[in-house]
Amino acid sequence: MKPNAKHDDIPLSALAQCAREAGVTVPGAVLPGLADYLQLLCRWNRAMNLVGARHWRDVMQRLVADSFHLAAFLDGLPLPEEPLCWDLGSGAGLPAIPLRMVWRRGTCWLVEAREKRALFLSTVLARVPLPGTRVFRGRVEHFFPQQARKADCITSRAFMPWPRLLELVAPHLADGGMVVILAREEPPAAGDIDGWELVGSLAYTAGSAHRWFWALRRRAEG
C-alpha cells in the first residue's frame, strides 16, 4: 500500500507525519498495521475506556510514541539475542503491541487479567499478526507458575507502583534479567534501590511531558 493511501479511515501519510511530530520515525511497512491497531483501539475505546485519549492522533503522540522510543532503548541493553519478555498488565497493548511491530526479538507475553481487555489484545493480534507475541488472560500470580523459564526482560505501564513491581518480579527474572520502568521521573541515584542496579536510562518527550525509561537489574551477591 502506498504511504499516502488511506487505511481504514486513517491516512497513512497523516499517521507518518503524526509520528514524526512525536519525535519518532515509523517504517513504511509498519504503518498499515499501526493504523489497524489505532482504529481498533479507538473503536473499542468508545465502549471500554481503554485509554484516556480519544482521537488516534492523541493516542499516537501521547502513548504509542513511547513504544518506538522503547524499541531503541531495548536495543541498547545487554539482552540475549532471543529474549523472553513479559509485559504485565498490558491493558490496551501499550507499550507492547506497537513495540512488537518494530522490535521482534525473542518471545513476548502480554499478560492481562481483565477479560475484555485480553479479548481486545487477542483481536488485535488476529488482525495484525506479530510473530512471537502471545496473550495470557489471567492474573500474574497464575501466569508465573506456568512459565518454563524466567524472564529476560519485564515491562509494565502503570501496572503497580515500581517498588512493588520490583518485589513481585524479582524471583521470576533470569540471571542478568532486567525490569524496564516507564516513568515520569528521573531514575533514582545509583545505590538508592536496595538490591538493584541501574543498567541504563533514557529521557524523552511525549507531547509536552518529559518521560524516562529505567532498566534495573538485580545486584550480584557478594
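Do any strands (runs of 3 or more DSSP E) entirely within segment 94-186 hold 2 or more residues that are among the acidic types (Asp, Glu), and if so, which?
The strands (runs of 3 or more DSSP E) meeting that bar number zero.
What number of residues within segment 74-90 satisfy the criterion of being of a type outside the set (A, V, I, L, M), open to solvent by 20 Å² or more (accessible area, probe 1.4 Å) and under 12 Å from Val180 (Cβ atoms)?
So the count comes out to 1.
Please indicate, with yes or no, whether at least one residue in segment 166-178 is free of Cβ contacts under 8 Å to residues at least 12 places away in the same chain and either at positive phi or surrounded by 11 or more Cβ atoms within 10 Å (Cβ to Cβ) (or both).
Yes: segment 166-178 contains one or more residues that are free of Cβ contacts under 8 Å to residues at least 12 places away in the same chain and either at positive phi or surrounded by 11 or more Cβ atoms within 10 Å (Cβ to Cβ) (or both).
Would you be able to say whether some residue in segment 206-214 is under 27 Å from Ala22 (Cα atoms), outside any strand (DSSP E or B) and free of Cβ contacts under 8 Å to residues at least 60 places away in the same chain?
Scanning segment 206-214, I find at least one residue that is under 27 Å from Ala22 (Cα atoms), outside any strand (DSSP E or B) and free of Cβ contacts under 8 Å to residues at least 60 places away in the same chain, so the answer is yes.
Cβ-Cβ below 9 Å, separation at least six or inter-chain, first residue in segment 40-51 and free of Cβ contacts under 8 Å to residues at least 40 places away in the same chain, second of a type outside the set (A, V, I, L, M) and in a helix (DSSP H, G or I): which pairs?
Matching pairs, first to second residue: Cys42/Trp56; Ala47/Lys116.
Can you pull out every residue in segment 187-205 that is of a type in the set (A, V, I, L, M, F, W, C), assigned to a loop (DSSP other than H, G, I, E, B) and crowded, with 16+ Cβ neighbours inside 10 Å?
Answer for segment 187-205, where residues must be of a type in the set (A, V, I, L, M, F, W, C), assigned to a loop (DSSP other than H, G, I, E, B) and crowded, with 16+ Cβ neighbours inside 10 Å: just Ile193.
I'm checking my understanding of the structure. Among residues of segment 140-165 that are in contact (Cβ under 8 Å) with a residue 24 or more places away in the chain and polar (S, T, N, Q), which one is most open to solvent (accessible area, probe 1.4 Å)?
Result: Gln147.
Quick check, is Gly93 open to solvent by less than 10 Å² (accessible area, probe 1.4 Å), within 15 Å of Phe159 (Cα to Cα), out of contact with any strand residue (DSSP E or B) (no Cβ under 6 Å at 6 or more places or on another chain) and at pLDDT 95 or above?
yes
Taking Arg164 as meeting all but one of (1) out of contact with any strand residue (DSSP E or B) (no Cβ under 7 Å at 6 or more places or on another chain); (2) among the basic types (Lys, Arg); (3) more than 21 Å from Val111 (Cβ to Cβ), write down the number of the exception.
(3)
For the list (1) closer than 18 Å to Val64 by Cα; (2) surrounded by fewer than 21 Cβ atoms within 10 Å (Cβ to Cβ), I need the number of the one condition that Leu121 fails.
So Leu121 meets the others, but not (2).
The values are calculated or read from the model by the stated rules, or taken from the named source; none is laboratory data. All figures in this text were calculated on a predicted structure; none of them were measured in a lab. So basically every Cβ, Gly included, is an ideal-geometry build from the backbone, and we count neighbours across all protein chains shown. Keep in mind that these areas ignore ligands, DNA and RNA; they rest on the heavy atoms of the full protein, side chains included. Shrake-Rupley method; radii C 1.70, N 1.55, O 1.52, S 1.80 Å.
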